[in-house]
1. With each label point set 7 Å from Cα along the Cα-Cβ vector, what nm distance links ARG9 and ASP137?
2. If I stretch the segment between ASP22 and LEU312 completely, what's the gain in nm (0.36 nm per residue apart, minus their alpha carbon distance), one decimal?
3. Just subtract the alpha-carbon distance of ARG369 and ILE47 from 0.36 nm times their residue separation and send over the number in nm, one decimal.
4. Could you tell me whether the range 250-289 comes out rounded, prolate or oblate from its Cα gyration tensor? Rule is a ≥ b ≥ c as square roots of the eigenvalues, rounded for a/c under 1.5, then prolate if a/b exceeds b/c, otherwise oblate.
5. Take the Cβ-Cβ distance between ALA54 and LEU362 as r, set R0 to 51 Å, and report the resulting FRET efficiency rounded to the nearest 0.05.
6. Under a point-charge model restricted to the Cβ atoms of Lys and Arg (+1) and Asp and Glu (-1), what is the dipole moment magnitude of the range 1-84 relative to its Cα centre, in debye to the nearest 20?
7. So how much slack lies between GLU148 and LEU332, counting 0.36 nm per residue of separation and subtracting their Cα-Cα distance, in nm?
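Values quoted throughout were computed directly from the atomic coordinates according to the rules given, and no laboratory measurement underlies them. Values in this document were obtained by computation on a predicted structure and should not be read as measured data. Cβ placement follows ideal geometry from the backbone for every residue including glycine, while neighbour counts extend to all protein chains displayed.
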Amino acid sequence: SRHVSRHSRVRAMRALRRLVRDVATSPDVPAGVPGAFVALLDAASAIHGRLVTARRWAYDAGWVSQIRVDAPVVSVGNVTWGGTGKTPMTEYIAREVADAGFAPTVLSRGYRGADEATMLRRRLGDVPGARVLVGKDRGKLAEDAMLEESSRTNKRADAAALIHMPLAGFDREKRFAGDVDVDDVELRCVSERAASSSSSGAKDRGEGGDGGGRPSPGDEKKRNENRPVAFLLDDGAQHVRLRRDLEVVMVHALNGWGNGRIVPRGPLREEPRALLRRADVVALHHFPRRRETLSATEQETEPDASRSAQELAALALERDVLRFLDPDRDPLVIKTQIEPTRIERLARYVGESPPHEWTPPLSRLRGARVFCPCGVGDAASVRLVLERLTAPALDDPRNGYGLRVRRTGSVEVWDLGDHEPFWSCDA
């Protein structure tokens, strides 16, 4: 009975969150929603909006001081809740930061069970020096990390001499070779070092290497420890306590500002103009593609009348974004999408599958029937990606992986809600 009552509470809370989401994402109040409930959301939205504005003003006026750390800080946040791609963008920036010679340290607030932090730990398992720290006070997390880094630096100061080796980037084609699972964390083998780096390092080390021109594991560990720290604030747009050097703002190109109201009555986390005027980089995520059937000349000269409704809405949003930006900051506006790269076995992802088990290629989904429980903020975008993958290609000899010609494909996405867990009762 205790088990049943627990799952009853889980389903009740999920239904309540879904109701709030339906109200917040709809231009009009959905039918059947009590007026008193909408009035309660309106009041909460007004209070939340004023608190956010007052907090921003307090920091701008100097009434409250920001925490400053002696390391680069990059914030990745969004204007609206859910599905804007901020966590994948954080992973992408972490890899670029590592390629530049830094040790990326992601600061996550750990919302709803810290599922995003767990995913980032798995995804960044192959990045030298990468860490994911979780806590509500991310300013204190950064300060503690800097104290730890300072302590390690002081201990290394008495060592003989630090070995200088040129930094080599990742060979992204080989990054996923030889996967293993250890302690439920997916570790991916690191790319091979450039021969020049290894040979020069071996000369500097003398007898410290393995004799074959490659750095020894001990030298590689020292090299990673010597990397300077760079902080990445995942979902950091509203966390103004920690001063940042670069502000990256994700904007959903298809949904825009929604109904234009502040959470919980709408999807806005704060007024778009107030956040975008602080932005250094704005990423218009899920920006619709031009039709692949058009030639390059037609794409340049095509009148707006022949564009899809999604394209017109995204272009109008882009004009809004450009109008809100501060030209003195010389901001950069980019357009991004998430592309699937491979199929991952769920058992393997949680460490219960052999490390070299075969997985089917993406082409195997052509014409397939797909059922997808979805716990992200924008299930509609997941559906669009899956529909593109499952669309039958009758003129492609690889259709159906060469087994049979598949003439149909179907996608069913079960929208659980943002950060919603998949319980045994759901099965």
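1. It is 2.9 nm.
2. Once the chain is fully extended between ASP22 and LEU312, it gains 102.0 nm.
3. Computed gain between ARG369 and ILE47 is 111.3 nm.
4. oblate
5. Numbers: r = 49 Å, r/R0 = 0.95.
Efficiency computed from Cβ-Cβ geometry: 0.55.
6. It works out to roughly 580 debye.
7. Details: separation 184, 0.36 × 184 = 66.24 nm, distance 3.40 nm.
Contour length minus the Cα-Cα distance gives 62.8 nm.
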